[in-house]
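A short write-up of the structure that comes next.
The values are calculated or read from the model by the stated rules, or taken from the named source; none is laboratory data. Keep in mind it's a predicted model, so treat the numbers as computed, not measured. Every residue, glycine as well, gets a Cβ built from its backbone with ideal geometry; the counts of neighbours run over all protein chains shown. Each accessible area value is taken on the protein alone, full model and side chains, heavy atoms only, with ligands, DNA and RNA left out. Shrake-Rupley method; radii C 1.70, N 1.55, O 1.52, S 1.80 Å.
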Amino acid sequence: MSTEDLAPDAQSLDAVVVGMGFGGMYMLHRARVAGLRVRGYEAGDDVGGTWYWNRYPGARCDVESLEYSYSFSEELQQEWEWTERYPGQAEILSYARYVAERFDLRRDIQFETRVTAARFDEVAGRWDVRTDRGDEVSAQFLIMATGCLSSTNVPDIEGLDRFEGAVYHTGRWPKEGVDFRGQRVGVVGTGSSGIQAIPVIAEEAEELYVFQRTPQFSIPARNAPLDAAEQAAVKADYQGFRARNRQTPGAIGSRLGWNTASVLECDPEEREREFESRWNIGGFTFVGAFGDTSTNPDANKFAADFVRDKIREKVHDPKVAEMLMPKTHIGCKRICLDTNYFETFNRPNVHLVDISEAPMERATPRGLCTNGREYELDCIVFATGYDAMTGSLLRIDIRGRGDQSLGDVWSAGPVTYLGLGIPGFPNLFVIAGPGSPSVLANMIVCVEQHVDWITECVEYLRDHGYRSIEATPEAADQWVAYVNQVAGGTLYPTCNSWYLGANVPGKPRVFMPLPGFPAYVAKCDEVAAKGYEGFVLA
Ligand SMILES: Cc1cc2nc3c(=O)[nH]c(=O)nc-3n(C[C@H](O)[C@H](O)[C@H](O)COP(=O)(O)OP(=O)(O)OC[C@H]3O[C@@H](n4cnc5c(N)ncnc54)[C@H](O)[C@@H]3O)c2cc1C
């Protein structure tokens with residue numbers, strides 16, 4: 001939809017929502033139901049966010065389809081039929097499009113439009129929003145649904161612009177796909193996306209060079225067609241199923257159980273049985289095998305060693321197996337799920353290149369140079385992730401009270417209250433912002449919880465005659481300290497992960513997401529019940 005098609009009074013809006021992934025789509029819907037005049041802006045030409053951009057081979061959700069879906073509409077969750085245990089990118093994108101049609105979302109979305117700037121007008125008490133298409137609109141509320149993992153991160157490799165082959169990033173994959181047949185392909189990066197893409201590219205490419213900086217733990221996904229009876233059983237009590245999932249630390253996997261017992265107090269046979277059984281089931285449930293593996297280094301070692309032994313079993317060449325051996329605690333980086341990742345290194349056309357000691361030296365017109373050798377390539381695939389959690393917000397020139405820029409305010413790391421509000425930035429809400437569970441939980445559940453909270457907050461303001469809401473600096477500082485304290489009780493901060501911003505040179509090292517979904521929801525509910533404690537309502 002173009003600017004001309006929008007309603008004539010659309011210059012004066014109640015809310016602007018930036019980003020039309022699952023967060024923005026549901027926000028738009030809820031805002032409209034609440035009677036707000038709202039407009040969504042989206043840089044892509046359709047809805048779906050992550051699943052619109054990440055069309056790389058093997059792209060698939062790591063959360064099961066029956067769980068990675070909206071719960072807000074009973075009709076929707078009953079009528080949509082998933083086909084696989086874990087939904088692939090194309091199926092999730094079809095689902096997002098179906099939701100957009102079903103709730104008639106597109107009429108209020110301006111696609112192919114990037115919001116470039118937003119300035120809070122203190123006199124009018126409104127946000128002035130600008131886009132790369134020259135739009136200038138004003139709205140009382142600015143809701144950022146720009147995504148935690150939507151600003152791609154490409155390493156700064158000298159000479160890359162002179163490389164004569166094609167260059168891709170998994171998060172900006174061409175819609176028409178890529179034909180790797182007969183090609184010498186270099187994949188840089190072995191995180192979640194690389195681990196999904198590498199086995200699929202290996203089947204097609206002539207030669208595949210995998211450039212690995214940090215070996216990762218990965219658990220078999222064990223994807224399979226979804227059993228119709230299983231789907232029907234879940235649908236028979238979908239709300240109960242969702243409610244039970246929301247009580248787990250990551251808002252997933254209640255059916256398989258989160259064991260709270262200590263691995264340290266378990267006898268060796270029972271320990272192996274538990275790990276083996278979860279390994280065979282596949283998926284994230286492996287990390288729920290025992291209660292102390294995410295907090296106690298000794299406990300963690302049992303789980304980590306179990307997976308390391310599995311890698312040794314799968315990879316035939318012991319030297320390659322050693323190169324693939326993760327050295328960190330398991331789970332302190334985002335755990336990966338795979339289909340035949342380690343087995344792929346047994347193929348004669350797949351070559352693992354360790355760049356942990358000698359970083360990528362440079363690109364040449366013919367390929368990539370590292371370890372004193374030039375690897376000749378026809379194309380390079382960057383699976384190097386994102387400027388996570390803050391990147392897409394900071395790429396917009398957001399200015400709050402006193403014309404302060406968000407970039408300056410966050411120069412030492414993000415400061416939010418509940419991950420939802422930022423002091424100095426009235427009436428601005430962030431969906432799945434830093435300081436909320438976001439990437440440490442099933443994100444559809446997280447964004448739904450945020451959208452519900454924001455909508456109820458706006459309704460409260462309206463019903464009580466308030467024009468604005470703003471987090472206090474004290475509440476935000478206490479919140480940041482709380483997030484650090486909770487994270488400090490886990491093994492998460494022990495790794496150089498993107499949770500800490502460690503993948504982006506120069507980014508402040510601050511642990512950004514908050515572990516523990518149920519406690520977080522309780523806190524948000526308590527804040528609301530106390531008349532939005534920690535916020536100033538004016
Ligand atoms: C490869 C990959 C795999 C993932 N797997 C899982 C998983 O297994 N489980 C899970 O829970 N989560 C997963 N995630 C996280 C995923 O991002 C969330 O599940 C969910 O899709 C987030 O929805 P969102 O609406 O918050 O953000 P997004 O889906 O990222 O959408 C944000 C949208 O905002 C748009 N945008 C950003 N800036 C602007 C701007 N300035 N102007 C206009 N538009 C803008 C972007 O174009 C994008 O479309 C994965 C992410 C990636 C990248």
*Within the stretch 141-150, can one find any residue that is open to solvent by 50 Å² or more (accessible area, probe 1.4 Å), β-branched (Val, Ile, Thr) and in contact with a strand residue (DSSP E or B) (Cβ under 6 Å, 6 or more places away or on another chain)?*
no
_the stretch 280-298, residues that are among the aliphatic types (A, V, I, L, M) and free of Cβ contacts under 8 Å to residues at least 40 places away in the same chain_ = Ala289
*Enumerate the pairs (first residue in the stretch 246-270 and within 22 Å of Phe302 (Cα to Cα); second residue anywhere and open to solvent by 50 Å² or more (accessible area, probe 1.4 Å) and within 16 Å of the ligand (Cβ to nearest atom)) with beta-carbon separation below 7 Å, excluding pairs fewer than 6 apart on the same chain, so at least 6 apart or on different chains.*
Trp258/Pro249
*Of the residues Phe306, Phe345, which is crowded, with 18+ Cβ neighbours inside 10 Å, closer than 28 Å to Trp258 by Cβ and not acidic (Asp, Glu)?*
Phe306
*asked:* Cβ contacts < 6 Å: first residue assigned to a loop (DSSP other than H, G, I, E, B), restricted to the stretch 139-154; second residue open to solvent by 20 Å² or more (accessible area, probe 1.4 Å) and more than 11 Å from the ligand (Cβ to nearest atom), any location; separation 6+ or different chain. Result?
replied: Ser151/Asp387; Asn153/Thr384; Asn153/Asp387; Asn153/Val504
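Do the conditions hold for Glu376, that is, is it in contact with a Ser or Thr (Cβ under 7 Å, 6 or more places away or on another chain), surrounded by fewer than 21 Cβ atoms within 10 Å (Cβ to Cβ) and at negative phi? Please lay out each step first, then the result.
On the way: in contact with a Ser or Thr (Cβ under 7 Å, 6 or more places away or on another chain): no; surrounded by fewer than 21 Cβ atoms within 10 Å (Cβ to Cβ): yes; at negative phi: yes.
No: the conditions fail for Glu376.
May I ask you to verify whether Ser151 is more than 13 Å from the ligand (Cβ to nearest atom) and of a type in the set (S, T, N, Q)? Please lay out each step first, then the result.
Numbers: more than 13 Å from the ligand (Cβ to nearest atom): no; of a type in the set (S, T, N, Q): yes.
So Ser151 fails the test.
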_Exclusive hit being in a loop (DSSP other than H, G, I, E, B) and either under 24 Å from Gln212 (Cβ atoms) or out of contact with any Asp or Glu (no Cβ under 6 Å at 6 or more places or on another chain) (or both), set Asp292, Asp305, Asp298, Asp309_ = Asp292
*Output the residues belonging to the stretch 112-132 that are near the ligand (Cβ under 10 Å from one of its atoms), touching a residue at least 40 places away in the same chain (Cβ under 8 Å) and open to solvent by 30 Å² or more (accessible area, probe 1.4 Å).*
Glu112, Arg114, Thr116
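Would you mind stating whether Ser468 is over 28 Å from Pro508 (Cβ atoms), in contact with a Gly (Cβ under 7 Å, 6 or more places away or on another chain) and polar (S, T, N, Q)? Steps first, please.
Numbers: over 28 Å from Pro508 (Cβ atoms): yes; in contact with a Gly (Cβ under 7 Å, 6 or more places away or on another chain): yes; polar (S, T, N, Q): yes.
The answer is yes for Ser468.
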*With the checklist (1) of a type in the set (Asp, Glu); (2) free of Cβ contacts under 8 Å to residues at least 40 places away in the same chain; (3) within 14 Å of the ligand (Cβ to nearest atom) in hand, flag the one item Asp135 doesn't pass.*
(2)
*Within the group Glu322, Glu361, Glu357, which residue is surrounded by fewer than 21 Cβ atoms within 10 Å (Cβ to Cβ), more than 26 Å from the chain's Cα centre (by Cα) and more than 30 Å from Lys507 (Cα to Cα)?*
Glu322
*Any idea which residue in the stretch 481-497 is modelled with the highest pLDDT, counting only those that are among the hydroxyl-bearing types (Ser, Thr, Tyr) and assigned to a helix (DSSP H, G or I)?*
Tyr482
_Hits in the stretch 379-423 - residues which are over 25 Å from Thr214 (Cα atoms), in contact with a Leu (Cβ under 6 Å, 6 or more places away or on another chain) and open to solvent by 10 Å² or more (accessible area, probe 1.4 Å)_ = Gly407
